[in-house]
Each structure stands twice: as C-alpha cells, then as structure tokens.
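The values are calculated or read from the model by the stated rules, or taken from the named source; none is laboratory data. Bear in mind the structure is a predicted one, so any value in this text is a computation, not a measurement. All Cβ positions, even for glycine, are placed from backbone atoms using ideal geometry, and neighbour counts span all protein chains on display. Please note that ligands, DNA and RNA were not included when accessible areas were found on the heavy atoms of the full protein model with its side chains. Shrake-Rupley method; radii C 1.70, N 1.55, O 1.52, S 1.80 Å.
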Amino acid sequence: MWAIVDFEASGLSEHSYPIEVGYSLPDGTSNSMLINPLSASDKWSHWDQEVQRNIHKISRSMLEKQGMQVIDVCQHLNTILGQYELVLCDSEWDLFWLGRLYHAAHMRPSFFLTEVSHWLKHQNGLSRVHFKLALDNLGSMKYQAGYDAKQIRLAIDTLVKSS
C-alpha cells in the first residue's frame, strides 16, 4: 500500500518553495493544504507571476491569509504519511520541495519519498513513458495538489494492475 504526494510551488527554480501540498491515500482519501510562506524559518520570497497566472492560480496573499504554518503542515504529513512504507511523487521537484518544507520547519519527514518513475522501473520494469501515458489517459492535471495526487494514484493503479 502506498500514498501519493504532490506539491505546487512558487516557481520552477532553485529559489522556489512549496505553496501547496496534497496527498492521496490507498482508501481514496485525498487532502491538500496551502502553506503560509511567512511561517518558514528561512526567507521564502521567490515568486513567479507566470507560474501563478498560468499554472497553480494561487496568490501569495491567499497563502498568507489561508495557508497553514509550515510546522503544522509537516506535523500533519508525518502523522498521516508516516504510516506508509512507500510514499510516491511524480517528479524530482517534489523531492526538492519536500526537503525545503521540512528544512524550514527544522523537522525531518517520518516517511521516505520516492519518485514514481524510479519505483516503477525497479518494481515493474516500466518507464516514465508508461507512467506519463497512463496519466495523460486520465485527462489533464489541474495543478491542484490534492486533485493531482489522486490522478497520479489512479495512473499508478492502472499500471500496476496491467503489468
């Protein structure tokens, strides 16, 4: 049994940071949390207006008003995802943002995050191309972390059942 994690971020650079995290669990439960950048212990200031406008559509002011504290997000993820032997994500960027999130909270995750292509290759001999096709067959991603985590789960389920 595995869980899926997905992040949305302030941009696509080494200066970006996580702004939303979502997960999908084996029982179909999914959840997402906005992250307040002001609650990070290090300065999270990089903001890509193009990414906001064209991808996630979440404003920085929305995060500051509605986002959870970094430490609360990490504690919640540890409680929920720490129960799973395997937690998967669909890109190396998610690994980067997980590290940035936990660093800002001065915490460590209680789970190990693995990029799905790496896992599929070693478990089922499948490539990133297979995963991408399965994901594309489900329709386009919404760039909403909870929804996208659920789509990633469905794509993996399809691949594992067919192999």
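What to note about this one:
- When region 59-163 is described by a simple charge dipole with +1 on each Lys and Arg Cβ and -1 on each Asp and Glu Cβ, the residue from G125, C89, M62 located farthest towards its positive end is M62.
- Pairs of Cα atoms nearer than 8 Å and 6+ residues apart set the relative contact order; for the chain it is 29 percent.
- Building the convex hull from the alpha-carbon atoms of the chain and averaging its projection over directions returns 8.9 nm².
- The Stokes-Einstein estimate for region 54-135, based on a Kirkwood radius over Cα pairs and taken at 37 °C with 0.692 mPa s viscosity, is a diffusion coefficient of 225 µm²/s.
- Cα-based Rg of region 1-59 normalised by 2.2 N^0.38 Å, two decimals: 1.26
- Between the amide H of M68 and those of L34, I35, N36, distances stay under 5 Å, these residues lying 5 or more places away or on another chain, with hydrogens modeled in the peptide plane.
- S162-H103 FRET efficiency (beta carbon distance; Förster radius 35 Å; 0.05 resolution): 0.35
- Farthest positive-ward along the chain dipole, Cα basis, beta-carbon charges - from V21, F111, L138: L138
- Region 1-61, relative contact order in percent, only Cα pairs under 8 angstrom and at least six apart counted: 29
- Sulfur and carbon atoms: percent of accessible area, region 1-111 [1.4 Å]: 49
- Taking amide H atoms as placed 1.01 Å from N in the peptide plane, the amide H of T114 lies under 5 Å from those of V87, L88, C89, each 5 or more residues away in sequence or on another chain.
- Note on exposure: M141, M68 ranked by accessible area (1.4 Å probe, complete protein assembly) read M68, M141, with the most exposed listed first.
- Restricted to Cα atoms, region 45-88 shows a radius of gyration and a Dmax of 14.2, 37 angstrom.
- Label-point separation in nm, K43 to K57, each point 7 Å along Cα→Cβ: 3.3
- Sparsely packed loop sites in region 17-122 (the chymotrypsin sites (Phe, Trp or Tyr not before Pro) outside DSSP H, G, I, E and B with at most 15 other Cβ atoms within 10 Å) comprise F112.
- Excluding ligands, DNA and RNA, the accessible surface per residue across the chain is 51 Å² with a 1.4 Å probe.
- Region 30-56 and region 84-107: distance between their alpha carbon centers, rounded to Å: 15
- Taking the Cα centre of the chain as origin and assigning +1 to Lys and Arg Cβ atoms and -1 to Asp and Glu Cβ atoms, the resulting dipole is close to 140 debye.
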